[in-house]
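Below is one structure; the comments refer to it alone.
The values are calculated or read from the model by the stated rules, or taken from the named source; none is laboratory data. Keep in mind that this is a model prediction, so the values were computed, not measured. Here the Cβ positions follow ideal geometry from the backbone for every residue, glycine too, while neighbour counts run over all protein chains shown.
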């Protein structure tokens with residue numbers, strides 16, 4: 001007897017569809033069971049073998065649970081927004097909405113022919129406004145929340161504001177950016193609205209930040225590490241470089257410890273749990289602060305005074321209060337320009353409302369000795385005083401450039417371009433320690449601090465361009481350029497290649513006060529930790545190989561251990577030597593003592609670090625849900641939830657741009 005599977009399967013598939021056999025009933029007395037598959041991208045001409053490979057297993061289980069008397073919810077849908085769907089549309093020359101709709105028809109037909117027991121009454125499409133209304137709603141909830149460490153959960157940002165109004169942030173125990181400044185209630189209440197929003201953005205669970213990303217010019221978008229193979233995009237094989245871009249990020253790192261502890265409560269294979277633990281990457285150690293020495297004083301003498309204190313000491317105490325008030329209440333033009341200068345787009349540090357001699361200047365780049373003044377209409381009546389002030393400042397070695405409020409507000413790009421041109425033309429050597437530069441590192445081995453013989457920064461570290469000497473600039477720039485063409489994954493995986501460049505500058509050891517050279521190396525990643533490491537060749541094999549390759553001194557700080565051939569990394573049997581006050585101590589005791597001494601110096605503290613990093617929303621492309629955001633004076637504001645969904649608008653051109661401007665900017 002012949003088995004006519006085509007006819008038999010078609011008969012029963014029609015029966016299932018007509019009778020809604022697999023529809024999960026609301027209000028059923030049966031026990032509930034939920035089986036969820038990953039939604040496919042409807043990006044090409046149909047399913048590939050990997051789709052049914054997973055779906056068959058989950059479908060078997062869904063049918064099994066139905067036979068066991070469960071009310072099984074087994075839905076299906078389509079991840080119909082995103083790069084694959086848009087790229088397929090571009091290749092075919094059609095709008096993404098059209099190609100996505102047609103592809104979904106093909107997917108549905110193929111899924112039905114295979115005979116899966118999906119509840120199609122609950123089909124979802126991520127490009128459907130009725131669906132992405134709720135992703136927009138979730139984004140708003142995250143923006144309006146912060147993570148309270150005391151409660152160990154997210155709380156409304158409005159609660160934080162009330163505390164700031166009443167007592168400032170001195171007692172706040174919350175997850176935030178590292179550069180949060182302490183302020184009182186009086187200071188908070190005196191801040192401008194823009195300043196307050198800037199501070200809140202450092203606490204919010206979704207926030208804007210300049211982030212190092214994988215940028216593909218040909219695709220016009222940011223790519224995840226998983227989307228890059230051998231330095232090129234998985235889709236299309238296009239070159240990918242590392243680039244800093246302003247992106248929306250989600251502060252998932254706030255949940256690192258909860259994610260880690262949650263692994264103990266779920267029924268997963270231990271091997272899978274361990275991979276998750278490694279992904280979260282909890283490390284216990286210390287944060288250590290190193291002072292950067294002036295390149296001209298790299299013999300370790302440093303400088304007597306910190307060069308960022310440039311005000312006249314006789315009346316600085318009076319001017320400082322005025323400067324603080326001016327920083328809290330900038331003019332609209334000053335606020336707009338400060339956002340540009342502090343974003344590090346110019347690749348160099350500026351200070352706001354800073355004291356120089358007897359004056360408060362609007363903005364100054366001390367390393368280039370460039371002053372930028374923004375003048376309101378009052379300056380029309382004090383041109384003589386301004387000229388005299390400029391003459392005094394320029395006699396002290398500064399260059400002064402001025403812009404009117406109107407120039408800044410009407411064409412800020414032109415203003416920034418002129419500032420950049422002035423910076424490029426000024427060859428003033430940086431004076432590291434004189435300007436208060438510091439490098440923070442995280443180490444899991446504070447007990448080995450006396451073995452630190454050099455430091456290594458990620459090539460993308462923000463200080464690299466500022467501390468590099470003129471003699472080393474060409475070599476450093478070439479190395480940075482080469483590094484941009486390698487993905488983070490490639491750099492982490494490549495343990496055989498040894499490469500790096502000396503910046504020409506030294507840091508001061510916090511205890512010995514001796515100078516240690518600052519190098520850059522692509523094995524250090526800007527996005528992990530602080531983007532800088534304390535290199536201890538005797539205790540770390542990679543540091544050992546680096547030091548040996550570049551002929552950097554290797555100090556032995558382990559009692560009775562031979563390090564002539566390789567590093568010694570076994571902390572359990574460590575007895576410290578040649579390390580001043582921790583000589584003779586084991587790992588635990590030496591670690592505790594070093595942390596205590598660092599805290600006494602104000603140059604470090606005990607710290608827990610996680611490898612888990614905040615997630616980046618990449619929205620340089622057209623085909624995706626719009627952010628429910630509008631801007632007031634450059635600061636993001638959320639659209640009221642009653643107006644959701646904010647629908648994706650039609651645009652004349654939705655092709656990606658090589659520079660990263662989103663097509664939605666043309667809507």
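On inspection, residue 586 passes the criterion of being touching a helix residue (DSSP H, G or I) at 6+ places or on another chain (Cβ under 9 Å) and surrounded by fewer than 18 Cβ atoms within 10 Å (Cβ to Cβ). Answer yes or no: is there a residue in region 129-141 that is at pLDDT 95 or above and not in a helix (DSSP H, G or I). No, every residue in region 129-141 fails to be at pLDDT 95 or above and not in a helix (DSSP H, G or I). Looking across region 620-635 at every residue that is modelled with pLDDT under 90 and surrounded by fewer than 17 Cβ atoms within 10 Å (Cβ to Cβ), the one that is nearest to the chain's Cα centre (by Cα) is identified as 634. Residue selection: residue 408 fails the criterion of being within 28 Å of the chain's Cα centre (by Cα), part of a helix (DSSP H, G or I) and more than 16 Å from residue 290 (Cα to Cα). Answer yes or no as to whether residue 552 is in a helix (DSSP H, G or I), touching a residue at least 24 places away in the same chain (Cβ under 8 Å), in contact with a helix residue (DSSP H, G or I) (Cβ under 9 Å, 6 or more places away or on another chain) and surrounded by 18 or more Cβ atoms within 10 Å (Cβ to Cβ). Criteria not met by residue 552. Report every pair of residues separated by at least 6 positions or lying on different chains whose Cβ atoms are under 6 Å apart, first residue within region 60-72 and closer than 16 Å to residue 25 by Cβ, second at pLDDT 95 or above and assigned to a helix (DSSP H, G or I). Correct list of pairs: 72/62; 72/65; 72/66. Scanning region 185-207 for residues that are in contact with a helix residue (DSSP H, G or I) (Cβ under 8 Å, 6 or more places away or on another chain) and over 21 Å from residue 141 (Cβ atoms) returns 185, 187, 188, 189, 190, 191, 192, 194, 195. Scanning region 350-369 for residues that are closer than 20 Å to residue 340 by Cβ and outside any strand (DSSP E or B) yields 350, 366, 367, 368, 369.
Put simply, of 32, 20 the only residue that is assigned by TED's automatic domain parsing to the domain that holds residue 109, loosely packed, with under 13 Cβ neighbours inside 10 Å and either free of Cβ contacts under 8 Å to residues at least 40 places away in the same chain or under 44 Å from the mean Cα position of the chain (by Cα) (or both) is 32. Criterion applied to 508, 559 was being more than 14 Å from residue 446 (Cα to Cα) and without any contact (Cβ under 8 Å) to a residue 60 or more places away in the chain, and the one residue passing it is 559. Pull up region 488-501, narrow it to residues that are out of contact with any helix residue (DSSP H, G or I) (no Cβ under 6 Å at 6 or more places or on another chain) and in a loop (DSSP other than H, G, I, E, B), then point me to the one that is surrounded by the most Cβ atoms within 10 Å (Cβ to Cβ). Here the residue is 500.
Comparison of 566, 481, 475, 462 shows that the only residue that is assigned to a loop (DSSP other than H, G, I, E, B) and out of contact with any helix residue (DSSP H, G or I) (no Cβ under 8 Å at 6 or more places or on another chain) is 462.
May I ask you to list the residues in region 437-453 that are touching a helix residue (DSSP H, G or I) at 6+ places or on another chain (Cβ under 8 Å) and assigned to a helix (DSSP H, G or I)? Matches in region 437-453: 446, 447, 449, 450. The single condition among (1) outside any helix (DSSP H, G or I); (2) surrounded by fewer than 19 Cβ atoms within 10 Å (Cβ to Cβ) that residue 261 does not satisfy is (1). Each residue in region 593-623 was checked for being closer than 23 Å to residue 81 by Cα, in contact with a strand residue (DSSP E or B) (Cβ under 9 Å, 6 or more places away or on another chain) and part of a loop (DSSP other than H, G, I, E, B), and 5 of them qualify.
Exactly one residue among 282, 324, 291 is modelled with pLDDT of 90 or more, more than 18 Å from residue 416 (Cα to Cα) and surrounded by fewer than 17 Cβ atoms within 10 Å (Cβ to Cβ), and that residue is 282. The single condition from (1) within 26 Å of residue 15 (Cα to Cα); (2) in contact (Cβ under 8 Å) with a residue 24 or more places away in the chain; (3) out of contact with any helix residue (DSSP H, G or I) (no Cβ under 7 Å at 6 or more places or on another chain) that residue 87 fails is (1). What are the residues in region 439-471 that are more than 28 Å from the chain's Cα centre (by Cα) and without any contact (Cβ under 8 Å) to a residue 40 or more places away in the chain, if any? Answer for region 439-471, where residues must be more than 28 Å from the chain's Cα centre (by Cα) and without any contact (Cβ under 8 Å) to a residue 40 or more places away in the chain: just 471. The set of residues from region 45-88 being assigned to a loop (DSSP other than H, G, I, E, B), more than 32 Å from the chain's Cα centre (by Cα) and at pLDDT below 90 comprises 45, 46, 47, 48, 49.
Among the residues of region 360-414, the ones that are on the phi > 0 side of the Ramachandran plot and surrounded by 11 or more Cβ atoms within 10 Å (Cβ to Cβ) come to 1 in all.
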